[in-house]
Amino acid sequence: MTDAALRRAADAEHGVFLAESTPVVRRALDAGCRPVSFLLPQRYLETAAEQLADAFETFPEAPVFTGDDELLSQLTGFHLHRGALAAMERPAPRPVDDVLAGARRVLVAEDLTDPTNLGAIVRSAVALDWDGLLLSPRAADPLYRRAIRVSMGTVFRLPWARALAWPGAGHHGMPAGQVGKPHRAPATDGLEALRRAGFVVVALEVTDQAVALEDPVLEPLRYAERLALVVGAEGPGVRAETLALCDVHVKIPMPAGVDSLNVGAAAAVALWELRCRPV
Ligand SMILES: C[S@@+](CC[C@H](N)C(=O)[O-])C[C@H]1O[C@@H](n2cnc3c(N)ncnc32)[C@H](O)[C@@H]1O
């Protein structure tokens, strides 16, 4: 469990994800995820028996492993200070069109490889009432332990899908960390699906033609029936090929000499500004 690459491969092969801390385990259970096993610090057994009693009863086939803190740290590579750790069955991947159906606000995470940023963005998206998340093929796994924890388990409330192809990136197939047979998807299943579904596609990026988020010309965008917001990776930002496909670029103005905000912070501002409003 201490080797990230091996863990990702094991997660994919066995179709599991790890929920860390009792509140996160609880949110996963409430969202209908099935536990495979629990790992609990010995000193925490009694409390867990109370807090997770219903889960132990509903899933008697899921073993409860325990040990002292030192043994558990050795096993996991981190200190289990927030109660339970549970291995849970990974929900089947959703097709992009499923996530878009009925959604009015969709966040698009392009190549966000950092699970901490992804988790923070998921938390903001859920808190600001966005309906779905679309990931480019290279983006991190939202069910990676750290992404789940940073999202505070809100990831279980946000429908998400991974596109199999991306502008300028070709067809990547199913990345590690996501199980199931890749469903056949056209080479343009990501952004094209948004267009087909009638979404206005907005890039959050500092470009020459980007309009400042507070500019009154953007007023109609706030009331757009369906809107997708694309955020880019730390470093490269939104890909040029993607920018060319977006309907509008928007930016958060910054003082001279400042290059950018962290993507999680920038996303939170834009998620609020472009949230769904009553018409
Ligand atoms: C750290 S930035 C990318 C690096 C940036 N292209 C640069 O040259 O410094 C990561 C992402 O955060 C968002 N972002 C950060 N600051 C922004 C701003 N002031 N306006 C719009 N988007 C911003 C964009 O989505 C961008 O792709």
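The values are calculated or read from the model by the stated rules, or taken from the named source; none is laboratory data. Since the model is a prediction, treat every value here as computed from it, not as a measurement. Heads up, the Cβs are rebuilt from the backbone with ideal geometry, glycines too, and the neighbour counts pull from every protein chain shown.
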Given ALA127, ALA101, ALA92, which one is surrounded by fewer than 18 Cβ atoms within 10 Å (Cβ to Cβ), out of contact with any helix residue (DSSP H, G or I) (no Cβ under 9 Å at 6 or more places or on another chain) and either under 22 Å from ALA28 (Cα atoms) or of a type in the set (Val, Ile, Thr) (or both)? ALA92
Top-ranked residue in the stretch 262-279 [being assigned to a loop (DSSP other than H, G, I, E, B) and among the charged types (D, E, K, R); ranked as farthest from the chain's Cα centre (by Cα)]: ARG277
Would you please list the contacts, defined by Cβ atoms under 9 Å and residues six or more apart or on different chains, that run from a residue in the stretch 256-279 that is under 14 Å from ALA120 (Cβ atoms) and polar (S, T, N, Q) to a residue that is more than 7 Å from the ligand (Cβ to nearest atom) and assigned to a helix (DSSP H, G or I)? ASN262/ASN117; ASN262/ALA120
I need the full set of residues from the stretch 199-235 which are part of a strand (DSSP E or B) and out of contact with any Ser or Thr (no Cβ under 8 Å at 6 or more places or on another chain), in order please. VAL200, VAL201, VAL202, LEU204, VAL211, ALA212, LEU227, ALA228, LEU229, VAL231
Any idea which residue in the stretch 236-261 is nearest to the chain's Cα centre (by Cα), counting only those that are within 6 Å of the ligand (Cβ to nearest atom) and either assigned to a loop (DSSP other than H, G, I, E, B) or among the hydrophobic types (A, V, I, L, M, F, W, C) (or both)? VAL238
Can you tell me which residue among VAL217, VAL206 is in contact (Cβ under 8 Å) with a residue 40 or more places away in the chain and among the β-branched types (Val, Ile, Thr)? VAL206
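Only residues that are in contact with a strand residue (DSSP E or B) (Cβ under 9 Å, 6 or more places away or on another chain) and either of a type in the set (Gly, Ala, Ser) or modelled with pLDDT under 85 (or both): list them for the stretch 198-208, please.
Taking the stretch 198-208 and keeping what is in contact with a strand residue (DSSP E or B) (Cβ under 9 Å, 6 or more places away or on another chain), we get 199-208.
Of everything in the stretch 198-208, just one residue is in contact with a strand residue (DSSP E or B) (Cβ under 9 Å, 6 or more places away or on another chain) and either of a type in the set (Gly, Ala, Ser) or modelled with pLDDT under 85 (or both), namely ALA203.
Just to be sure before I move on: is THR188 among the polar types (S, T, N, Q) and either modelled with pLDDT of 95 or more or closer than 30 Å to MET88 by Cβ (or both) in the structure I sent?
no
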Those residues that are near the ligand (Cβ under 10 Å from one of its atoms), of a type in the set (A, V, I, L, M) and in contact with a Cys (Cβ under 9 Å, 6 or more places away or on another chain), I need them from the stretch 194-235; list them, please. ALA203, VAL230
